[in-house]
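Here the structure comes first, spelled out in structure tokens, and everything after it is commentary.
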Amino acid sequence: MIRILTLMENRMGEHKGLTAEHGLSFLIEGDGKRILFDCGSGENTLKNAVKLNVDPASVDILAFSHSHYDHAAGFLSLAEQGLRAETYIGEGFFQEKYADCGQGKYTYLGCGFSEAYLRDHVSSLTVNQGTVRLTDHCVLETSFPRVHAFEQVPSRFVKWDGKEMAQDLFEDEQCLVLDLGEEIAVVVGCSHPGILNMLSEVRRRWQKPICAVLGGTHLVEADEERTRQTIREMKAMGIRNLGLNHCSGAQAEEWIDQDETVIHTHLSVGACMFME
């Protein structure tokens, strides 16, 4: 049995004592291990964890989906309270990430800490370049070929290479695959490389059907044509269970809710799912 608990997300759930804010953090428990997938954007992830009886020091493994602040900056508060896990990042995690606001103005979107700080506050640091097995049933995947041409990264996402700004294609993006035997489930952070690009590569590597997708799909900035095409393609893959949240977008979730062939629930703060 694997439990996925939402420590941080944009929307409130039934537990009104928790705090919701723009960000994402999941705690995955399975194989006798606690895996923290993303850390949210600030100290409220820690506060939610305490209220949900999750001690940061009890986390065995930490994986960042990517280095945007809303998935990574909460690490600072968690580290102050004892988080010292085996840690996994994607290649290029520490490249400075920005939003291009136009007219020469940029807003920093990065994690807010250095590689030296991270190394000083974790038990080990591994840069994933493809596939890393965390436990018997939990595996990290990265490096996703662009096979769906309509899944374009918004041009406003850029990175500083030390000399100039370049478009950020999110080479550091990782997802977590939960091996359920005959099928797999996929936990995503923001899916910046394109949710279909990611799912297509995961399915190719695993040669197993995907039964569920949980997390952010970044359809919030997609137009209607791309959103509807994404939903059609996910259904064509056989995916029928969706636990979307964060950057997936209210419009996309509304359309999915109208489709009786798909089971969808918004994974708000404090919500959890059990999978086996």
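The values are calculated or read from the model by the stated rules, or taken from the named source; none is laboratory data. Because the structure is predicted, anything quoted here is derived from the model rather than measured. We place every Cβ from the backbone using ideal geometry, glycine too, and count neighbours over all the protein chains shown.
Here are the numbers for this structure:
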read-out: Number of the condition not met by G216 [criteria: (1) free of Cβ contacts under 8 Å to residues at least 60 places away in the same chain; (2) small (G, A, S); (3) crowded, with 21+ Cβ neighbours inside 10 Å]; value: (1)
read-out: Every residue from the stretch 31-65 that is at positive phi and in contact with a Cys (Cβ under 8 Å, 6 or more places away or on another chain); value: D31
read-out: Any chance F170 is surrounded by fewer than 22 Cβ atoms within 10 Å (Cβ to Cβ) and either aromatic (F, W, Y) or under 17 Å from G23 (Cα atoms) (or both); value: no
read-out: Members of the stretch 153-173 found to be without any contact (Cβ under 8 Å) to a residue 24 or more places away in the chain and not in a strand (DSSP E or B), listed by number; value: G162, K163, E164
read-out: Counted residues, the stretch 134-151 - those being in contact (Cβ under 8 Å) with a residue 12 or more places away in the chain and assigned to a loop (DSSP other than H, G, I, E, B); value: 12
read-out: Set D70, D31: member being at pLDDT 95 or above, closer than 15 Å to G215 by Cβ and of a type in the set (D, E); value: D70
read-out: Scan of the stretch 241-263 for residues that are under 13 Å from C211 (Cα atoms) and buried (at least 17 other Cβ atoms within 10 Å of the Cβ), ordered by number; value: N241, L242, G243
read-out: Flag if Y69 is in contact (Cβ under 8 Å) with a residue 40 or more places away in the chain and either loosely packed, with under 15 Cβ neighbours inside 10 Å or farther than 17 Å from G23 by Cβ (or both); value: no
read-out: Residue check, V54 free of Cβ contacts under 8 Å to residues at least 24 places away in the same chain and not basic (K, R); value: no
read-out: Residue match in the stretch 256-274 (condition: of a type in the set (A, V, I, L, M), touching a helix residue (DSSP H, G or I) at 6+ places or on another chain (Cβ under 8 Å) and farther than 23 Å from H66 by Cβ); value: yes
read-out: Residues satisfying the stated conditions in the stretch 68-97, i.e. polar (S, T, N, Q) and under 13 Å from N128 (Cβ atoms); value: T87
read-out: Any hit, the stretch 174-188, residues being buried (at least 16 other Cβ atoms within 10 Å of the Cβ), in contact with a Gly (Cβ under 8 Å, 6 or more places away or on another chain) and assigned to a loop (DSSP other than H, G, I, E, B); value: no
